[in-house]
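Novice: Submitted below is the structure of interest, expressed as structure tokens.
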Amino acid sequence: MAKLILNKKIIKYGKKIEDIKNIKKDFLLKNDIFLRNQLLKNKIYKNQPKRKKCKNCEQRLTGEKIKVQNIEYIYCNKCDHLNGIYQDTERFIETIYKTKSINYSKNYFESEKKNYLKRVKNIYKPKAEFLKSNIKNYNKLNILDFGAGSGYFLAALKEVKINNFLGLEISNDQVSYGKNMLKKIHISTEKLKCLSFENSLKLINKSNNFNCITLMGVLEHISQLSKFMKTLKNNKKIKIIYLVVPLFSLTAVIESVFPKIFNRHLGGSHTHLFTENSLKYLFKKNGFHPHSEWWFGQDFNDLARSLEVTSKKFKNIASEKVISQIQNLIDDFQIVLDKKKLSSEVHIIFSRK
Ligand SMILES: [Zn+2]
């Protein structure tokens, strides 16, 4: 396997909110449905055993608290990780995936090929381009997309002419839908596999093929985080890990003070949040250091949405005029946060030390 050659480090900021216009619209129209769904998940989460150790640094969990939708979170004073006070057990994750009334997968389903492709183009292709721009000999990349969902990122890789990849996903529903879509865009259905978490780890353990692992909104959902990280650490063929994770930022604070608004960020299946410090701590501990970073978030979009939906509930029609003026400035507000690395999400490419 040829050695991957990294280009010079890139630190990039900002992305137009326009790219997620449709998702934005859905959050406005279906606020109450989405919120009810989160509260159902929270109810299951509250039945899990209490967390005694920090999810990230595994030391005794102590620190300041924040409450969102009746769930308490503790900001670890050792590694700056935000932990829900209950454990995100395997059983919790499984229940969320399998409970019909929650139907976790539903959010990610686009009924038509047109919508699937739009999502690939606006959301996933820029992610794939960022990875590509970091690897000089990108044709040597062999990617394992862990938690591949319905294959959106796989489709994006093909779009940017990266052709060696395999996607693994634990949700059968997402895989069968994804295979259907991949077929339509001429990607072999063999490239997306339904595999349990345990079997996925076994595959990584014995594999000699993959030099890059991608985790697109996945790391925060992994129950056995340290076991997973050790598996990546021990397979020395893996040189690059590329991920996007949600972060503890203004968005979570907005969610803590708007109880009637759908909390997309902290709640439901997001039971803990990284910070820049806690994320880099975890990867350093497992032999990887940050190479390139892309900071962009949705904090101001979340604020505008929370104001808009709340004003509608209060029938404050005049407020809506002001809010709609602010809507056009979301990118301007957000870039200020992004440039300070205070965004609600971050994309990072880590490379093996
Ligand atoms: Zn910690």
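The values are calculated or read from the model by the stated rules, or taken from the named source; none is laboratory data. It should be emphasised that the depicted structure is a prediction, and the values quoted were computed from it without experimental measurement. A quick note on method: Cβ atoms are made from the backbone with ideal geometry, for glycine too, and the neighbour counts reach across all protein chains shown.
Novice: L215 - would you say it is of a type in the set (A, V, I, L, M, F, W, C), crowded, with 17+ Cβ neighbours inside 10 Å and within 16 Å of the ligand (Cβ to nearest atom)?
Specialist: no
Novice: Out of N134, N83, report the one residue that is within 16 Å of the ligand (Cβ to nearest atom), surrounded by 15 or more Cβ atoms within 10 Å (Cβ to Cβ) and at pLDDT 95 or above.
Specialist: N83
Novice: Report whether or not K158 is assigned to a helix (DSSP H, G or I) and surrounded by fewer than 22 Cβ atoms within 10 Å (Cβ to Cβ).
Specialist: Criteria met by K158.
Novice: Moving on to the next point. Determine whether the stretch 245-253 contains at least one residue that is under 22 Å from E90 (Cα atoms), part of a strand (DSSP E or B) and touching a Gly at 6+ places or on another chain (Cβ under 6 Å).
Specialist: no
Novice: Turning to a different aspect of this structure: Output the residues belonging to the stretch 320-353 that are within 26 Å of the chain's Cα centre (by Cα), free of Cβ contacts under 8 Å to residues at least 24 places away in the same chain and part of a helix (DSSP H, G or I).
Specialist: Q327, D332, V336
Novice: Could you tell me how many of the residues in the stretch 59-80 are assigned to a strand (DSSP E or B) and either away from the ligand (no atom under 13 Å from the Cβ) or more than 22 Å from L35 (Cα to Cα) (or both)?
Specialist: Qualifying residue count for the region: 12.
Novice: Next up: Residues in the stretch 292-319 that are surrounded by 15 or more Cβ atoms within 10 Å (Cβ to Cβ), assigned to a helix (DSSP H, G or I) and of a type outside the set (G, A, S): how many?
Specialist: The total comes to 11.
Novice: Of everything in the stretch 241-270, what is without any contact (Cβ under 8 Å) to a residue 40 or more places away in the chain and of a type outside the set (V, I, T)? Give them in sequence order.
Specialist: Correct list: empty.
Novice: Can I ask one more? Taking the stretch 41-58 only, how many residues are within 16 Å of the ligand (Cβ to nearest atom) and either within 18 Å of A252 (Cα to Cα) or touching a residue at least 40 places away in the same chain (Cβ under 8 Å) (or both)?
Specialist: Qualifying residue count, the stretch 41-58: 4.
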